[in-house]
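The values are calculated or read from the model by the stated rules, or taken from the named source; none is laboratory data. Note that this is a predicted model, so its numbers are computed, not measured. Note that each Cβ is placed from the backbone with ideal geometry, even for glycine, and that neighbours are counted across all protein chains shown.
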Amino acid sequence: MKNIDSKLYQHTPSVSVYDNRGLTIRNIDFHRTFAEGNTDTRITRHQYDAHGYLNYSIDPRLYDTNSGQPNFIWQYDLTGNLLRTESVDAGCTVTLNDIEGRLVLTKLATGVIQIRQYEDSSLPGRLLSITEQIPEKAPCVTERFIWAGNTPEEKNYNLAGQCARHYDTAGLNQLRGLSLTKNILSQSRQLLTDDQETDWVGDNETSWLAKLNNETYTTQSTFDATGTLLTQIDAKDNVQHLAYDIAGQLKNSWLTMKGRNEQIIIKSLTYSAAGQKLREEHGNGVITEYTYEPETQRLIGIKTHRPSDSQVLQDLRYEYDPVGNVISIRNDAEATRFWHNQKVVPENTYNYDSLYQLISATGREMANISQQKHQFPSPALPYDNNTYTNYLRTYTHDRSGNLTKIQHSSPATQNNYTTNLTISNNSNRAVLDSLTTDPAQVDALFDTGGHQKLLMPGQNLSWNARGELQQVTSVDHENISDREWYRYDSNGMRLLKVHEQQTGHIPQQQRVTYLPGLELRTTQNGNAITENLHVITVGTAGHAQVRVLHWETTPPADISNNQLRYSVDNLIGSSQLELDHKGQIISQEEYYPFGGTALWAAKNRTEANYKTIRYSGKERDATGLYYYGFRYYQPWIGRWLSADPAGTVDGLNLYQMVRNNPVTFIDTDGRMLEPTSSRTEAVQSPPSLVSLTRNAVAGFKHYNIEDIRQYLGGIRELRGSAYAHAHSAAEKFITNLENSRKKKAPDESELASKGYPQTLSQAAKVVGKTSDKYTPKFDENAQNPDRISLTKTPIGTGIPAKGTKNPLNPVLEFDAHGNEIFYRTMSEQHYEHLQQTGKLPPTTETSISPALSYSLDYKGHTVQFITKPGTFEQLKEIGIAANKPAEVQFPHMLKGIGEWMQTNARFKVEGGQMTTQLGQGMAIETFNRNIIGYKLVRSERKN
C-alpha cells in the first residue's frame, strides 16, 4: 500500500479520561508528521458544573498560551436550558426562553437583538414575527408569519393551520397547496425590490406588498402516496419527471422544456443491495460505472465511457489506507506524458499525519499556472495536455488545527511559492499574511461574531444582521462601486446574487436569481438587457448534475441554444468533466486538495465562461469564494470565511475545513463534514420496514416481473427468515401474477382471492414476522457491527446541555447538538450483547427511561444512550398509550396494549415519568438504528 509508514501511527491512540460521574474531562491525542519525528501530546480539557452540564472546553494551543480564555464557555438557566455561549471564534450569544420553553430573545455576538413574538394563550402559540435591532439603529420586523384559517378554500388545498404567507428577509414566500402527506404541491416566491430593506412594519399587508417586485415565481410539484417527488414544474414551466425502482431509488428522469418535446436525462440507474450506485446511463449515451472494495464497500473506481466510439472519458481509481483516508487517485483514461524531461503521470498522492490531517499532496498542473488567490486562471484553449507539469504541496498545521502554511513546488517550471497565514494568539481567526503578519492584529480584521471584514487588501466584506455575507466591494468609484451583493431567505439560503461594475462609463450588472430547479441569469449594460439566460438544473450539484442553458435572447456564437451540460464528478463531487448532448467534452478541470484549480481546459473561451459549478459541486463566485449554503469558503487558504453556525459539531476550531482532510471528507452546506461514501448512496432515503412491506406486497401489482425480481436482490438487508418470508411471498405472487395476466390484468379482488395480503398490517405479517432482523441499508456495520464509542464523536455529545420542564415528556435531556438522551438498566448478559453488537437487545418490554434517577433504582448495569434528534418522534409515530396518564399526555395516540411487541412503541407513565417500552420488533429497531453512542453510568444498585 502506497505512502504509508505504519510506524507513524504506532503509540498514537485517541484517549479519553472520565471523572467519577462518567463525564469526559480530557481528550488526549498524539501528533506526529513523520515516523521518526517527535510526538506532540495534545490535551483538550473540559469542565462541568454540579449538574453535569458542560461548562467549558479549551484546546491544547490556547491552554498552553496561558491566556486563560477557553475556546467555549457555556452557561445554563435553572431548568438546564442553554443560556449563554461564549466562543473565542464566534463571540458571545445569549438566548432566553419563555415559560413554555419557546425562544423569545437572542442577543448575537455582533450586538444584534432578535425578538420573537407568538400568539397569545387563547391560540396555539404559533410564531407571528421576528424583530431585529442592529446596535444604534431602529428595530426592523424581518419576518412575518400569516397562518391560514379554516375556510373551505383553505381546506381544499390542505392549508388549514399552515403558514400560508411568510414575509422573510428576501421577500414573500407563499404556500399555495399541500398534499395529505404535507408535501408542498405549490409555492410562489416574490423578491424585494433592490432598493428595499427588510422591514415588515405595521399590520397592513398592502404596504408590505408594495415593497415587492411584480414578478411572481411559482413552483409546482407532485408526489406519490409515500411522499416521493414525481414531477416538478419550475417557475418558467419546464417540467422534470422522475421515476423510481421498486425499492424507492431513483431510476430515470426526463425533462420537458417549455414548448419542446420531452428528453431523457437519466436512462437508467442500478444499485447494489447496499443502496450504492453501480451503473448510471445518461441521456447523452455516456455510461458511468462505480466499483467498490468488497471488504469495506469503499468506492475504488469511477469509470465514465462513451459506448458510441468506445472512448473512456474518465477512469478514476482510488486507494485508501486502513482507516479510509484516500492515499492515491489515478485516472487511467489519461496517458502518461513527458514534458521538459519529466514524466507527468495522471495521478495524485496524499500523505497524512497521525491525526489524519493532510500534510502533503502531489499531482499535475498547467505549466503556465501561477499562485492563485481569488483570481481564476485562464483555460487552455483548446486542450493542450502536453503543457502539464508535476507539483508538490505541503501543508503545516498548528496545535488547534489551523492551516498555517502552504508550500508549493514545481521544479520544471520553477513555480515555487509559499502561502503564509497569520493566526490570532487568542482564537482560531486567521488571515493571509498580506493583510497582517502580527497575530495581535488578526482579531481586529473580524467583527465580534467572527466574520472576516477584509478579503484582500482593498476588498471590504459587509455582513447582515444574521451573520450572512451581504456584500463584497472590490473597487470604490464615485458613483457606483464594483461590488457583488446577495439576498438570502429565512433559512439562510441564497436567492439572489448581483454583480455590479463600471465598464468605461457604463454600469454593468449581472444578476442571478436562484429558484427550485432553475437559475435566472441576466446581464444588463446601462439600461439594456444584453443576455437573458435560464439555467435548468436537473439533479443535485456534486451528484452528476445536468444543467440546460436556454437563452431567451440570442445565444453566444459558439454555443447552441438549449445546450445540455452533463457534469462528471469525482469522489468529493467536484466537476472534473463537462459533456454535451453527444458525450463530447466541453471542459476539463482538476483541483488542488483544498480547492484551487490546478488544470483547466475547454473547447473554447465561450464554453469556459459558462461553467459555474466546480470544486465540491459548489458555485464559484466572481470574488473567488465558493458558496456552500451556510458559509463561504476561501480555497486559496483552505478556510471558511466565518465561524461555523453549527458550533462544535466538527470540533473546537470553527474555521477548519473538514478537519484538514478535504480528500476523504466533504461538507455539503458549510456546517458539518460527511464521509464521501454518502455521495454514492441512493437518492432516496433508505426505506423503513413499513415501506418495504408496502412495496414487497401491495405495490407489486404496479410493476413488471423483472422489476420485482430486481427488487428481491435489493431487500437482502432483511436477512435471515425475514428475507425468506419476503422472497417466498414475492415468488408466490410472481406466479399468480403471470397466470392472471394471461387472462386479464389483475385487480384488488383477484389478488385477494389468490390469498395475497392486501393491507399493510397483513403485509407486515408476511415480511415483518421477524422484523427484529431488519437492518436499514445506511447502517455501515450491518454485517459485522463494531462497538460504538463516544471517543471520536463531537465534543459535548452525550453531555446534557438542555432539558424540558415537563416530567412526563419521554425525552428530558438533550446534549449541545440536540441529540436525545435515554437510560436503561440491564443485566450482565444484555450489557455484553450491547458491547458486542452496539445494539440494545430485545426483550418482552425493553423499557428505556428519560431520567437517570429512575434507572438507578434497578439492579444491574445502567447505561446512557445518546440517540439522533427525532428518535422520540419516530417512536411516537408507531406509539401506543398504555395507561390513562399516557393517554392524557398523548390524546391522539392509539390506546391500550394489544399485540404491540412486534410493531409499536408503548408509552407508559410510572414512577412520575414517562417510560418507553420498545418490545421486540419495529420499535427497538428504530431505537437501535438511531443510537449514536452509549456510556456505562454505573453497575451497582443505588443505596
Quick test for you: out of Lys155, Lys137, pick the one residue that is charged (D, E, K, R) and under 23 Å from Glu468 (Cα atoms). Lys137
Take the stretch 621-657 and flag every residue that is touching a Gly at 6+ places or on another chain (Cβ under 9 Å) and among the basic types (Lys, Arg). Arg631
State whether one or more residues within the stretch 392-412 are farther than 17 Å from Arg639 by Cβ, without any contact (Cβ under 8 Å) to a residue 12 or more places away in the chain and either surrounded by 18 or more Cβ atoms within 10 Å (Cβ to Cβ) or not assigned by TED's automatic domain parsing to the domain that holds Phe72 (or both). no
All positions within the stretch 237-287 that are free of Cβ contacts under 8 Å to residues at least 12 places away in the same chain and of a type in the set (Lys, Arg): Arg279
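Being in a loop (DSSP other than H, G, I, E, B) and either under 22 Å from Thr540 (Cβ atoms) or at pLDDT below 95 (or both): is that true of Phe630 here?
Numbers: in a loop (DSSP other than H, G, I, E, B): yes; either under 22 Å from Thr540 (Cβ atoms) or at pLDDT below 95 (or both): yes.
For Phe630, the condition - in a loop (DSSP other than H, G, I, E, B) and either under 22 Å from Thr540 (Cβ atoms) or at pLDDT below 95 (or both) - is met.
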Check every one of the strands (runs of 3 or more DSSP E) wholly within the stretch 268-351 and list those with 1 or more residues that are crowded, with 19+ Cβ neighbours inside 10 Å and in the same structural domain as Ser253 (by TED's automatic domain parsing). 277-282, 287-292, 299-306, 311-320, 326-331, 342-344
Counting just the residues of the stretch 570-584 that are free of Cβ contacts under 8 Å to residues at least 60 places away in the same chain and in a strand (DSSP E or B), which one comes out surrounded by the fewest Cβ atoms within 10 Å (Cβ to Cβ)? Glu578
With respect to the numbered conditions (1) over 29 Å from Ile43 (Cβ atoms); (2) modelled with pLDDT of 95 or more; (3) β-branched (Val, Ile, Thr), which one is the sole condition not fulfilled by Ile359? (1)
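Of the residues in the stretch 226-257, how many are hydrophobic (A, V, I, L, M, F, W, C) and either in the same structural domain as Asp194 (by TED's automatic domain parsing) or part of a strand (DSSP E or B) (or both)? It would help to see each step written out before you state the result.
Here is the first cut: in the stretch 226-257, the residues hydrophobic (A, V, I, L, M, F, W, C) are 229-230, 233, 235, 239, 242-243, 246-247, 250, 254-255, 257.
Restricting the remaining residues to those that are either in the same structural domain as Asp194 (by TED's automatic domain parsing) or part of a strand (DSSP E or B) (or both) gives 229-230, 233, 239, 242-243, 250, 254-255.
Selection size over the stretch 226-257: 9.
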Step by step: first the residues of the stretch 352-389, then only those that are surrounded by fewer than 20 Cβ atoms within 10 Å (Cβ to Cβ), part of a strand (DSSP E or B) and without any contact (Cβ under 8 Å) to a residue 60 or more places away in the chain, then the one that is nearest to the chain's Cα centre (by Cα). Which residue is that? Ser360
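Any chance you could count how many residues in the stretch 90-145 are of a type in the set (Ser, Thr, Tyr), under 28 Å from Leu641 (Cβ atoms) and touching a residue at least 40 places away in the same chain (Cβ under 8 Å)?
Going through the stretch 90-145, the residues of a type in the set (Ser, Thr, Tyr) turn out to be 93, 95, 106, 110, 118, 121-122, 129, 131, 142.
So of that shortlist, the ones also under 28 Å from Leu641 (Cβ atoms) come out as 93, 95, 106, 110, 131, 142.
Still in the running and touching a residue at least 40 places away in the same chain (Cβ under 8 Å): 110, 142.
Residues in the stretch 90-145 being of a type in the set (Ser, Thr, Tyr), under 28 Å from Leu641 (Cβ atoms) and touching a residue at least 40 places away in the same chain (Cβ under 8 Å): 2 in total.
Here is a list: Thr394, Thr418. Which entry is of a type in the set (Ser, Thr, Tyr) and either within 31 Å of the chain's Cα centre (by Cα) or modelled with pLDDT under 95 (or both)? Please lay out each step first, then the result.
Values: Thr418 fails: either within 31 Å of the chain's Cα centre (by Cα) or modelled with pLDDT under 95 (or both).
Only one candidate qualifies: Thr394.
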Considering each residue of the stretch 603-623, count those that are in contact with a strand residue (DSSP E or B) (Cβ under 9 Å, 6 or more places away or on another chain), charged (D, E, K, R) and not in a loop (DSSP other than H, G, I, E, B), and give that number. 3
What residue, among those in the stretch 520-559 that are among the charged types (D, E, K, R) and buried (at least 18 other Cβ atoms within 10 Å of the Cβ), is nearest to the chain's Cα centre (by Cα)? Arg547
Long-range neighbours under 8 Å by Cβ, at least six apart or interchain, first residue under 15 Å from Leu454 (Cα atoms) and small (Gly, Ala, Ser) within the stretch 473-494, second modelled with pLDDT of 85 or more and assigned to a loop (DSSP other than H, G, I, E, B): Ser474/Gly458; Ser474/Thr623
Evaluate the following for Asp482: is it at pLDDT below 95 and in contact with a strand residue (DSSP E or B) (Cβ under 7 Å, 6 or more places away or on another chain)? yes
Which condition number in (1) crowded, with 16+ Cβ neighbours inside 10 Å; (2) free of Cβ contacts under 8 Å to residues at least 60 places away in the same chain; (3) more than 30 Å from the chain's Cα centre (by Cα) is the one that Asp195 fails? (1)
Taking the stretch 824-840 on its own, how many of its residues are farther than 17 Å from Arg906 by Cβ, modelled with pLDDT of 85 or more and touching a helix residue (DSSP H, G or I) at 6+ places or on another chain (Cβ under 9 Å)? 3
Regarding Glu205, is this residue surrounded by fewer than 16 Cβ atoms within 10 Å (Cβ to Cβ) and within 27 Å of Tyr486 (Cβ to Cβ)? yes
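Please tell me if Pro439 is more than 30 Å from Ile327 (Cβ to Cβ) and of a type outside the set (Ser, Thr, Tyr). Write out each step before concluding.
Values: more than 30 Å from Ile327 (Cβ to Cβ): yes; of a type outside the set (Ser, Thr, Tyr): yes.
It is true that Pro439 is more than 30 Å from Ile327 (Cβ to Cβ) and of a type outside the set (Ser, Thr, Tyr).
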Given the conditions (1) part of a strand (DSSP E or B); (2) surrounded by 19 or more Cβ atoms within 10 Å (Cβ to Cβ); (3) more than 24 Å from the chain's Cα centre (by Cα), every one holds for Thr218 apart from (2)
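Residue by residue through the stretch 187-215, note down the ones that are among the small types (Gly, Ala, Ser), in a loop (DSSP other than H, G, I, E, B) and touching a strand residue (DSSP E or B) at 6+ places or on another chain (Cβ under 9 Å).
Gly202
Starting from residues that are hydroxyl-bearing (Ser, Thr, Tyr) and under 16 Å from the mean Cα position of the chain (by Cα), keep the ones in the stretch 627-647 and report whichever is surrounded by the most Cβ atoms within 10 Å (Cβ to Cβ). Break it down into steps so the answer makes sense when it comes.
Within the stretch 627-647, the first condition is being hydroxyl-bearing (Ser, Thr, Tyr), and the residues that meet it are 627-628, 632-633, 642.
Next, from what is left, pick out any that are under 16 Å from the mean Cα position of the chain (by Cα): 627-628, 632-633.
Numbers: Tyr627: 20, Tyr628: 18, Tyr632: 25, Tyr633: 23.
Here the answer is Tyr632.
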